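Report on the following structure.
The values are calculated or read from the model by the stated rules, or taken from the named source; none is laboratory data. Quick caveat: nothing in here was measured; it's all calculated off a predicted structure. Backbone-built Cβ (ideal geometry, glycine too); neighbour counts: all protein chains shown.
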């Protein structure tokens, strides 16, 4: 195609105008070069932009995407929106005019897991995010720098990457990316459109990660379908609808699966809107169902006596937090959520089993070994979907197999995980009004079921360090809402806390800056380098000394963080990665 001399003279001016408009409206989030920042994903060399026509890009700019943090530009003049479209296409011109890529040969063999891998959502089956890696230490953590940033077109991702064979696998809404662990370059990308008619976190596109086994990656979609993806290419090998066709309820999927005994174990979301929750195991080769454990009983099943009203056909009991597994006793531990209706309990007198529980299951059959209900007959959304951390240690002078759990009801629990016996139950907050204590029978001594706290803890990761024998978590001191029983509001303060597991006492704490009501439930990561990594409510990613809580390093992400960090080693070097806003950020020395 020939271009006139006049057009050649005008072209730099046109490009300059496009850049000016981009700088005024877009560069603050996406950078002047369009390569992204802590506030927004990269637009240059973006395959999702390449795939869209000019009309589609213009329509996207006009409507925006508030769920992903993208405002509408409908108030811009049409000519300015058109200039932005031309600029976006220019940023991607090399991709647009390049010949179609030749598909790389499918990788069919994968290296065995290495000590520096992070092969599951929690790094290991115990649910304890303690890493044995120790290249990054209290002495050198101040030298941590950003190594790469990978943007995902969604603001507020909650994924924890998993790392194996030099590859990181991360997720967004109905999306999975395989990334080169050293550079952050995309190796493959799977995506599908959002499913219609969803509610809650599933509608938002929340997803916390994947699982891997041999040549497959396992991923749960927003509408609770389990996918088996080819690990070498990201292509769908099989797809299974987790919910039986007879269950016409608002199920969703947000969970990172867990691999146990060559099965893929998953749970479901939706108890805030009325479902019958379950945990299920599937065969990795074809997605066939191995077993299912319902978390709310039907008529004639054990536990139905705790629902003395109508049959709880949609009684709740979500199971969306990844479980823990103990190979020494061959036991699977899984958390369950609130009953439904949440605050309206008129039709559900009784304890409402097996909501708000930890379930100890046989991983081969799903059979129940034991259970404990943290908050019987919950009326304040105190679902027990907080981590169940498995620890082998000397406890009060004797070797013990423990389960550690800081619950949303404000109590910290230590169990003998072999039989469910409570060894310690003590508030980890300074104010717990709904119950005075946990009785000798294991039941809470209830004072006011709607009393404080409002939240206390949540789904974000906790950790136990064998070096300090302390348990680490993010706690929220808050009491808000309908002020039951005349309780005054407590505006809220977050703390990074270290607990002595033998006494429940606070060993040290670090008060956190930022708004307490911000949805910033970021978890903790403990390492053999003597560090605790965590996300701050004000958008800072930080490291402290796990012995004392002394601040050693912080990076200002300047975005809302809703995920828990991980660490991995590749090429002999240790790295730390975390999701922040719309980005995966990788740090190294």
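Assorted remarks:
- Remark: pairs (first residue in the range 289-309, at positive phi and free of Cβ contacts under 8 Å to residues at least 12 places away in the same chain; second residue in a strand (DSSP E or B) and surrounded by 20 or more Cβ atoms within 10 Å (Cβ to Cβ); Cβ separation under 7 Å; 6+ apart in sequence or on different chains) are absent.
- Residue ranges of strands (runs of 3 or more DSSP E) in the range 261-360 with at least 2 members in contact with a strand residue (DSSP E or B) (Cβ under 9 Å, 6 or more places away or on another chain) and surrounded by fewer than 22 Cβ atoms within 10 Å (Cβ to Cβ): 289-294
- Condition check for residue 375: under 25 Å from residue 496 (Cβ atoms), touching a residue at least 24 places away in the same chain (Cβ under 8 Å) and surrounded by fewer than 16 Cβ atoms within 10 Å (Cβ to Cβ): no
- Answer residue from the range 79-94, given it is modelled with pLDDT under 80 and out of contact with any helix residue (DSSP H, G or I) (no Cβ under 8 Å at 6 or more places or on another chain) and is farthest from residue 25 (Cα to Cα) among those: 94
- Test for residue 154: is it buried (at least 20 other Cβ atoms within 10 Å of the Cβ) and modelled with pLDDT under 95: yes
- Check on residue 433, part of a loop (DSSP other than H, G, I, E, B), modelled with pLDDT under 95, closer than 26 Å to residue 344 by Cβ and over 27 Å from the mean Cα position of the chain (by Cα): yes
- Filter pass, residue 45 being under 24 Å from residue 205 (Cβ atoms), modelled with pLDDT under 65 and not in a helix (DSSP H, G or I): yes
- Scoring residue 244 on the criteria (1) within 19 Å of residue 319 (Cβ to Cβ); (2) touching a residue at least 24 places away in the same chain (Cβ under 8 Å); (3) more than 22 Å from the chain's Cα centre (by Cα) leaves a single failure, condition (2).
- Here residue 433 does not fit the description of being touching a residue at least 40 places away in the same chain (Cβ under 8 Å) and out of contact with any strand residue (DSSP E or B) (no Cβ under 9 Å at 6 or more places or on another chain).
- Among the residues of the range 394-416, those identified as within 25 Å of the chain's Cα centre (by Cα) and not in a strand (DSSP E or B) are 407, 408, 409, 410.
Yes/no per residue for (1) closer than 30 Å to residue 402 by Cβ; (2) crowded, with 23+ Cβ neighbours inside 10 Å; (3) in contact with a strand residue (DSSP E or B) (Cβ under 7 Å, 6 or more places away or on another chain); (4) in contact (Cβ under 8 Å) with a residue 24 or more places away in the chain:
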| position | (1), (2), (3), (4) |
| --- | --- |
| 113 | yes, no, yes, yes |
| 133 | yes, no, yes, yes |
| 140 | no, no, no, yes |
| 160 | yes, yes, yes, yes |
| 163 | yes, yes, yes, yes |
| 170 | no, yes, yes, yes |
| 182 | no, no, yes, yes |
| 191 | no, no, yes, no |
| 198 | no, no, yes, yes |
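Results for (1) closer than 20 Å to residue 29 by Cα; (2) outside any strand (DSSP E or B), shown as yes or no for each residue.
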residue: 509; (1), (2): no, no
residue: 534; (1), (2): no, no
residue: 537; (1), (2): yes, yes
residue: 541; (1), (2): yes, no
residue: 552; (1), (2): no, no
residue: 560; (1), (2): yes, yes
residue: 563; (1), (2): no, yes
residue: 577; (1), (2): no, no
residue: 584; (1), (2): yes, no
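- Scanning the range 361-393 for residues that are more than 21 Å from residue 312 (Cα to Cα) and part of a strand (DSSP E or B) returns 361, 369, 370, 389, 390, 391, 392, 393.
- Just one of the listed residues (451, 529) is modelled with pLDDT of 95 or more, in contact with a strand residue (DSSP E or B) (Cβ under 9 Å, 6 or more places away or on another chain), surrounded by 15 or more Cβ atoms within 10 Å (Cβ to Cβ) and in a loop (DSSP other than H, G, I, E, B), namely 529.
- Some residue of the range 387-397 being in contact (Cβ under 8 Å) with a residue 24 or more places away in the chain, closer than 18 Å to residue 449 by Cα and out of contact with any helix residue (DSSP H, G or I) (no Cβ under 8 Å at 6 or more places or on another chain): no
Quick grid of which residues meet (1) over 18 Å from the mean Cα position of the chain (by Cα); (2) under 23 Å from residue 175 (Cβ atoms); (3) in contact (Cβ under 8 Å) with a residue 40 or more places away in the chain:
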{"position": "522", "(1), (2), (3)": "no, yes, yes"}
{"position": "552", "(1), (2), (3)": "yes, no, yes"}
{"position": "572", "(1), (2), (3)": "yes, no, no"}
{"position": "576", "(1), (2), (3)": "no, yes, yes"}
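- Checked against the criterion of being out of contact with any helix residue (DSSP H, G or I) (no Cβ under 8 Å at 6 or more places or on another chain) and farther than 28 Å from residue 129 by Cα, the candidates 271, 327, 314 yield just one match: 314.
- Yes/no for residue 467 being outside any strand (DSSP E or B), at pLDDT 95 or above and either within 22 Å of the chain's Cα centre (by Cα) or more than 23 Å from residue 256 (Cβ to Cβ) (or both): yes
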